[in-house]
Structures are given as structure tokens and as C-alpha cells.
Amino acid sequence: MRALDIEAQRSPSSVGHIDILIGVPSYNSTRTIGHVISESAKGLSKYFDNQKSLIMISDGGSTDETMQTAKNIRLPESVKLLTCSYRGVPGKGSAVRAIFEAAIDLDVKSLAMVDSDLESITPSWVKLLIEPTLNQVGLVTPRYDRHKYDGTITNQLCYPLTRALYGKRIRQPIGGDFGLSVKLAKRLIESPLWKTPYVPKFGIDIFITSSTLAEGFPVEEADLGVKIHGVKDPALQLASMFREVAGSALSCVEMYEGFWKRIKGSTPVTLRKNQVERIQPQPVCVSLDRLIEEFRTAYSKSNGFRSMLSPILKCELDVRASAAPEELTIPPDVWAKTVYEVSAKFKRSDEMVRNVLLEGLRAVWTGRVATFVKETASMTNEEAERKVEEDAAHFEQMKSELLTIY
């Protein structure tokens, strides 16, 4: 079954020829959806005024005024609006699949995706995300100025793992705001990984980035400045998101084993600069005590997970989980070893075992985030960013351990 609803499948005849499509996956986004549409339309009108453009809202059944608010936005004559409710598994990935289907149906030249909760999007984002994909680039990923505690799944898992495995230092592999060529969209929509429980949900972004790299498409980054959006407490609100993102990432590791095993080291990718005024990102508050308590509680309940670890790693984590709060740490080498062991166990396991592995990995990730919070408490955002880079280097240096056990 297609994700694009029946009415939207008739869009080629209703909206006419379209060159550029901007898709907005949405759910209960009344407060921000108008701003996202308006700024996207300004960018399309300013930088691509000679192209026919479409903004598509791919909604997950919002119960607020998201859809009506979207329809009430006044747009330039060259920009059209399409609103639809996607079909299939509820989740961001299904919303994105509907956007891909529309882009392919309309035979657009380029498409972009932007999140519906953005408060900091500007017209220049549209230029930076779209322009490279009109000139042979397959994917443009975002690079943001973020607070040191924003993006904990990115900082501790997705960035270091992507860098070590695929050899590219893509800082925000799950940033959410992407530019894609339609050629890439066609390749992605054919992937068997849509059948996993992860890609139709929050696993979509890491699937896009990992698959793009492994399939050999050129990738660039766009300097988008500060990202202001809805943030979540890693101890309380990111459990299901972590499992979906990690499950998608490890599914890609399994599928693209033949590619990443050949990769040595890593290199930066081209960064498209944005001449914006630099402002400090909004502070993100986290509770260290809550993180430590969540780690200890979740880890103590993970008997099945612990039984699958190597004896040395299990002993190491057991000791660290029982340490006094002020002494509790999950160093980057221990974290990297945990991710790599889970990756190897995840390979060819059934869904029940994978669920156990992902929940155990989430528990240890919570301890790793707590460690990072302690280590960077007195650091500036810039200093903490250097710490993220140092920690990511551990994943790269320890890749041989994954090669041995995978």
C-alpha cells in the first residue's frame, strides 16, 4: 500500500508541473506550521522564482488545527500547497514516504524536507538545502549551532557510528531537515528496510543518511545556524525514539556490511556556508540525577541484555552501574564497545531479541549521556563540541573490534 492518500495521488493533474517540492511531516503543529510554510515559501520565491514549487504537508492525523492553519497561509503565486494525511504505520517515516511518492509522481527536479516544529527556519535554508541537489549532489544534511545538551542521540550514537562506519563526518545525520535529489528518493523508496519496525517511524533520518552514503551518492552539509525547535529530556521522553533510531541504524549496518567493512578512516564533506548572524542556541536543561537513576533502573532490569554481552563487557558495565552517583561514568571506549557488541548481536536476530538489545543499549546510552553531562558541566558549547569530536574518534579507532566480531 502506498503512503500517499488517494486524493493526493491525483496531485499531478491538480497542481500541474512542479520543479521543486518541500515536504513537511507534521503532527499537532498548530503553533509552528504557519511559520514553517511562510519561511519556506519566501525561500522558494526569493531563490527559485523561475521554478514551479509545491509545499506539501504530510500529516499524521493531527487533532489540533494544524491542517486548517496550513491551508490559511497566503502563498506567492509561484508556490502551491498540498495537504494530505499519509497512510500506513503511524510515524515520521511514513510521512516522509508519502513525500517521496509525491515527488516521484510529479517528476520534480529536487525536494527538501523540513520539520514542522521549527522556529528558526529562514528563507536561506531553502537555498542551501535545494541548490546543491540541482547540481548532482544526492543529499544535503544540516549542520546546526546547537546547545551542548541538544541532540543527545545524535552526539552519542548517530554521529560517531556514521563517521566510523561510512567514513564521512556528517555532524547531523538525523537532523531532519534535508535536501534530496529525486534520483536518491527513487533509490530510497525501493529499499527493503521500509519493512523493518524502525524506518516508518523515527528511524527514517538515519536510514536516509546511511543508505545515501552506502549507495554512493554525493553528500554535502548546509550551515543552517541555530536550530530552535521542540526539545526533549533524554531521561524521560526519548525512549521510543532512541529504540527506533538505533534499530534503523543497526539494520543499515547489517544491510550495508559489504560497504562499511571496506572503509578506513573518515573525511569531512563539503559545507555550504550560510551568512547569518551567529547567536547562542537556547539552553537545554537536563537533570543529571534523573539520568543516573534512569540508567541504573533500566540497566538493572535488563537481564536478557546483560546475558548477551561478552563477560568482560558485562562485568565492566555491572561495576559502573553499581558505582556511587558521583563516581558513575560510561567512558567513550566502553560505550563504543557496547554499541559494537550490540551491532554484532543484532545481526540476523529475530525481532524479540532485537527489542531486548535495543532496550539494553538505551539503558547504557542514558548512562553515557549522564557521563557527558558531568564532563561538560563547566564547558562552553564550543568546548563541549570538541569533546563530541574526541569521543567520536574513539568509535573510529575501535572499528577493528567491530570488524573482528561482526
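Observations on the structure shown:
- Of all the listed residues (Ile263, Ile206), the sole one being in contact with a Phe, Trp or Tyr (Cβ under 7 Å, 6 or more places away or on another chain), within 25 Å of Gln397 (Cβ to Cβ) and among the hydrophobic types (A, V, I, L, M, F, W, C) is Ile263.
- Single residue of Ala246, Ala298 found to be within 16 Å of Glu341 (Cα to Cα) and small (Gly, Ala, Ser): Ala246
- Any hit, region 301-314, residues being among the aliphatic types (A, V, I, L, M), touching a residue at least 24 places away in the same chain (Cβ under 8 Å), not assigned by TED's automatic domain parsing to the domain that holds Thr366 and not in a helix (DSSP H, G or I): no
- Single residue of Pro268, Pro325 found to be loosely packed, with under 15 Cβ neighbours inside 10 Å, closer than 30 Å to Phe217 by Cβ and out of contact with any strand residue (DSSP E or B) (no Cβ under 7 Å at 6 or more places or on another chain): Pro268
- So Glu131, is it in the same structural domain as Arg187 (by TED's automatic domain parsing), among the charged types (D, E, K, R) and more than 25 Å from Asp59 (Cβ to Cβ): yes
- Within region 138-165, no residue that is outside the structural domain of Phe242 (by TED's automatic domain parsing) sits with its Cβ atom under 7 Å from a residue that is of a type outside the set (S, T, N, Q) at 6+ positions apart or across chains.
- When Thr366, Thr376, Thr380 are checked against the criterion of being under 30 Å from Pro281 (Cα atoms), among the β-branched types (Val, Ile, Thr) and buried (at least 23 other Cβ atoms within 10 Å of the Cβ), Thr366 stands alone in meeting it.
- Among the residues listed as Val342, Val334, Val356, Val373, the single one being in contact with a helix residue (DSSP H, G or I) (Cβ under 7 Å, 6 or more places away or on another chain), assigned to a helix (DSSP H, G or I), under 21 Å from Asp150 (Cβ atoms) and assigned by TED's automatic domain parsing to the domain that holds Glu316: Val373
- Note on region 238-259: residues that are crowded, with 22+ Cβ neighbours inside 10 Å and more than 13 Å from the chain's Cα centre (by Cα) amount to 4.
- Odd one out for Ile279, checked against (1) touching a helix residue (DSSP H, G or I) at 6+ places or on another chain (Cβ under 9 Å); (2) outside the structural domain of Ala222 (by TED's automatic domain parsing); (3) not hydroxyl-bearing (Ser, Thr, Tyr): (1)
- Residue check for Gly258: under 28 Å from Thr141 (Cβ atoms), modelled with pLDDT of 95 or more and part of a loop (DSSP other than H, G, I, E, B): no
- Residue within region 157-180 that is under 23 Å from Ile20 (Cα atoms) and at pLDDT below 95 present: yes
- Residue ID - farthest from the chain's Cα centre (by Cα), chosen from residues in region 271-295 that are surrounded by 12 or more Cβ atoms within 10 Å (Cβ to Cβ), within 21 Å of His229 (Cα to Cα) and of a type in the set (A, V, I, L, M): Val276
- Residue within region 72-88 that is out of contact with any strand residue (DSSP E or B) (no Cβ under 9 Å at 6 or more places or on another chain) and under 30 Å from Ala249 (Cα atoms) present: yes
The values are calculated or read from the model by the stated rules, or taken from the named source; none is laboratory data. Nothing here was measured: the structure is a model prediction, and the numbers come from that model. Note that we place each Cβ from the backbone using ideal geometry, even for glycine, and neighbour counts take in every protein chain shown.
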